[in-house]
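The values are calculated or read from the model by the stated rules, or taken from the named source; none is laboratory data. Note that this is a predicted model, so its numbers are computed, not measured. Here Cβ is always computed from backbone atoms with ideal geometry, including for glycine, and neighbour counts include all displayed protein chains. What goes into the accessible areas is simple: the full protein's heavy atoms, side chains included, and nothing from ligands, DNA or RNA. Shrake-Rupley method; radii C 1.70, N 1.55, O 1.52, S 1.80 Å.
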Amino acid sequence: MNLSEQHRMTDSSRSTPGLFVSHFLRQVVVLLLFGLLALNYQPVQGQSVVGLDLKSIRVDDLTDEQILNYMRQAEERGLTQAELETLARQRGVSESEISKLRRRVQVLRSGLGSTLSQDSVRRSGRVVTQPTGDQDVFGTLTGEPVPILTEEQKRIFGFDLFQKEGLTFAPNLNLPTPKDYQLGPGDQLLVDLWGTTQQFLTFEITAEGVIRPDKLGPIYVNGLTIEQAEKKVIDRLSQIYSGLKKNGDQEPTIFYQVSLGNIRTINVDVIGDVSSPSLYALPSLSTVFTALHAAGGPTEDGTFREVRLIRDNKLISTIDVYAYLTEGIRSGDQRLKNGDVIIVRPFQVRVELDGEVKRPGLYELKPGENFLNLLSYAGGFSNSAFQALVTVKRSGDREREIIDVEADEFELFEPEDGDLIEVSGILDRFSNRVIIDGAVFREGEYQLTEGLTLKQLIEKADGLRGDAFMTRATVYRTNEDFSQSTIPVDLGALLDNGIDDIPLLREDVVRINSIYDLREEFFVQISGEVLEGGVYPFFNQMTVEDLIVLSGGLKESASGALVEISRRNKDQSVNSSAEILTYSIDEDLSLASEDRNRLLQPFDQVYIRKSPGYSIQEQVTIEGEVLAPGEYTIQKKDERISELLQRAKGLTPYAYPQGAILIRKTEFSDSKSNDEISQEYLQLLRQKVLGDESELKNISQVRLIERLDKIENRVNADTESDRVGSRFKKNLIEDITERDSLIRNIEIEEEEPVAIDLDKILQNPGSKYDLIVRPGDVISIPGKLETVRVAGEVTSPLNVRFDNAYSFKDYIYQSGGFLQSAKRARSYVQYPNGERKGVKRFLWFKKYPRIEPGSTIFVSRKPERQSVNFQAIIAAAGSVATLALVIDRLSN
């Protein structure tokens, strides 16, 4: 960079502080690194740095680790920029090496570091400098977020073109060098020689426009194309490498290729109405579009139609961005040169196009352009646009005015700045439409042809359906004043030519009702002992047997029961709300022959009653010291404990009858209905059949699996009346518990013990002690018990050996006696059968309950005493005084 370019860059940086800071920091890092290189560089062979010519140092030979180490040392040293610059130049560091190091630092900072040695670029063509670090090839910060456009900016046609990240107009550095590309200072020439010699030479064009091959004088290549430079360089190199030229009849023995390596950076000014006017450092292959993207494109007031390229104070080209937006042609776009100036002036004419066009928005027009040009920029009319006329709203000298532009004037009308052009849509109505709906095969909209009649329209709709209401159809007609009138039609007479046909007009609507539209929808209902009860559609000639088949058939529980039909009462003279009909069912689950063909009527409700004596098996469990413990099915509804014990073969010699207990389910238990139990059994059967390891299943097993799969998710309504009663009891107990504060904390379990006296049951079967068993009961008979448990407010709660000679107090003394917190009068004994007995008290005398083996003695705790609250005493005294005063006044 020469001195004048440095001054221009400095002046431009003052106008863009962010860019200046970024550029300054990079310069500082580079200078720091070269200062450290000058101070710390050691040759690979360990040569001394004294007297070392730093011009021999090649950045390409340094590894990433070395450069990173120098970067860390540069941050630790407090050297100024001036000191480092002076030091680097005194040691002979060339500008080309500074440029290479700058690129290596940028690569390492972006995390893409790699060693760029000579071998990495040999025969690789051009060395492409990737835009890395904090700045890309345009000089814009890559870390900056994409600007959010305002609503006005979004409406300006082409405004977002230079705001997109994916469309940068960056030059393609991987293509061959253009033939018209002129070399300049900073470009790099690569010369590859092969044949009798193997050489890869790299030359960077100096500020004087020359390259300096070893053992040769400078070669001036500034301003030459690649082809011209190739011829000139090879001619000079042939003085050293004689094999490059043909020697008489001898062909050349050295072959060559000259290509462009790193391209130079040029400085371009972008000024005017752009988002970020500044001086930009761009690749030398950049064009005007590249520079516009770097500057963020024109502003809201900038022109897109007349972007000017100035070179050496002369107008070189005028760029029309609309040509690229509409046709993909970069009109006037040229490759930039160092020192070029791009200026974006304010627009001259901008109009707003709104309404039924494909791209409504704000458009800039050049002098002489008409409405058709504007319409082409907007993509043309939309498919619903009214193309015969557009409306222009224009600002006059004193007020606004409206101009109607007809289609034959589109080519002549030239919009002016600030015009609002509105394209309206066509009317939302039809000029030749008639509509037919209802009981025809093809409902919808049809064309109104000349002389079309109602009968012809029905034929167009493929005729009437079988459910058409033939007595009356309606034609709804819209009058000129948009009021509606109706024309009733007798369809039957029309089709039989009994009345004149009706000619149709535009927007007529023909409505043909179905017979089902004019009556309530028919259905029937079935419930009770069927597999799938519910509501079913009514069919003509439907019988009870048909409805039972629809509902999946009868359950086994329907055997011998009655079928009851509830029918709506239509006789107003009879004092009844419904007619009740009954039928009987045979043992084979079919209706009696005389009832089988009785027809149902709409809205009939069929009830399949349950057989009075039908029930599924219900079990109780006997466990403990009986000869045959296990589950037992309840044989009759009043079966008692003594009868079950007889079926269990009685007690064993080791049984302890006094400790027997009955565990019974409460209303809160999750008891299952008969249907749910049957469903569980069927699913167990399904799992067993599916779990059969044999792959060969006969046809009956396959059909069984299909039937079980069908009923797997079937849900039946619970018709058990006793479950309804259980739910009511449960709700009643919960309500009482919530209302009564004394029992609010009581927890009601799903199962509760019932105290029984097994000795009396066995001695007096059928007595009041012999309870009737219920489904789910568990009768537990323990073995011999030999201990007594003492718990509660005693010194040492423990289990004590039972002794007939011991009383209640003896067991208390065995556990260490009462604590001071014990409430002796509230102590009680719980016997093994669940029965509880407390301490009885008469005056100063206490009678303690007897103790049996397996009993538990529980000593209660005294309630905590409340401390004396003087405020409460004062409040109570005040209340008493007030009450006394009231009584005194009332008595007087």
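Run the quick spin-label model on Leu531 and Arg429: label points 7 Å from Cα toward the beta carbon, then report their separation in nm to one decimal.
Here the answer is 6.2 nm between the modelled labels.
Just to verify a number: what accessible area does Arg400 come out at with the full protein assembly present, 1.4 Å probe, Å² rounded to tens?
Probe radius 1.4 Å; accessible area of Arg400 about 140 Å².
Separation between the Ser615 and Gln541 pseudo-spin-labels, each 7 Å from Cα along Cα→Cβ, expressed in nm?
4.6 nm
Place the peptides 332-345, 213-226 in order of packing, highest mean first, counting for every residue the other Cβ atoms within 10 Å and averaging per peptide.
Highest to lowest by the protection proxy: 332-345, 213-226.
Dipole of region 211-347 (Lys/Arg Cβ +1, Asp/Glu Cβ -1, origin at the Cα centre): which of Leu315, Gln250, Val221 lies farthest to the positive side?
Gln250
Loop-only check: which GluC sites (Glu not before Pro) in region 193-290 are DSSP coil with at most 14 other Cβ within 10 angstrom?
Of the GluC sites (Glu not before Pro), the ones in loops of region 193-290 whose Cβ has at most 14 other Cβ atoms within 10 Å are Glu208.
Within region 239-290, report the trypsin sites (Lys or Arg not before Pro) that DSSP leaves as loop and that have at most 11 other Cβ atoms within 10 Å.
Working: sites: Lys245, Lys246, Arg264; in loops: Lys245, Lys246, Arg264.
Sparse-neighbourhood loop trypsin sites (Lys or Arg not before Pro): Lys246.
Calculated FRET efficiency, Arg836 and Ile148, Cβ-Cβ r, R0 51 Å, to nearest 0.05?
Efficiency for this residue pair is about 0.05.
Zone of Arg861 (label point 7 Å along Cα→Cβ, backbone N under 14 Å): which residues in region 821-854?
821-823
Give me the accessible area per residue for region 433-568, probe 1.4 Å, as a whole number in Å².
Result: 54 Å² per residue.
Once neighbouring chains are kept in place and the probe is 1.4 Å, which whole percent of the accessible area of region 462-518 is contributed by carbon and sulfur?
Carbon plus sulfur share of accessible area: 50 percent.
Anything over 28 Å Cα to Cα? Flag those among Lys665/Lys823; Lys215/Lys337; Lys649/Lys760; Lys610/Lys637; Lys314/Lys358; Lys610/Lys768, in the order listed.
Exceeds cut-off: Lys665/Lys823; Lys215/Lys337; Lys314/Lys358; Lys610/Lys768.
As an exercise, use a Förster radius of 25 Å and the Cβ-Cβ distance of Asp235 and Asp180 to find the FRET efficiency, rounded to the nearest 0.05.
My answer for the efficiency is 0.70.
Once you put a point 7 Å from the Cα of Ser317 and another 7 Å from the Cα of Thr449, both along the Cβ direction, what distance in nm separates them?
Spacing of the two 7 Å Cα→Cβ label points: 6.3 nm.
Could you calculate the contour length gain from Asp160 to Gln763, that is, 0.36 nm times the residue separation minus the distance between their Cα atoms, to one decimal place in nm?
The Asp160-Gln763 span can extend by a further 206.7 nm.
Determine, from the Cβ-Cβ distance of Val754 and Ile873 and an R0 of 60 Å, the FRET efficiency 1/(1 + (r/R0)^6), rounded to the nearest 0.05. Working shown, then result.
Values: r = 49 Å, r/R0 = 0.81.
Efficiency computed from Cβ-Cβ geometry: 0.80.
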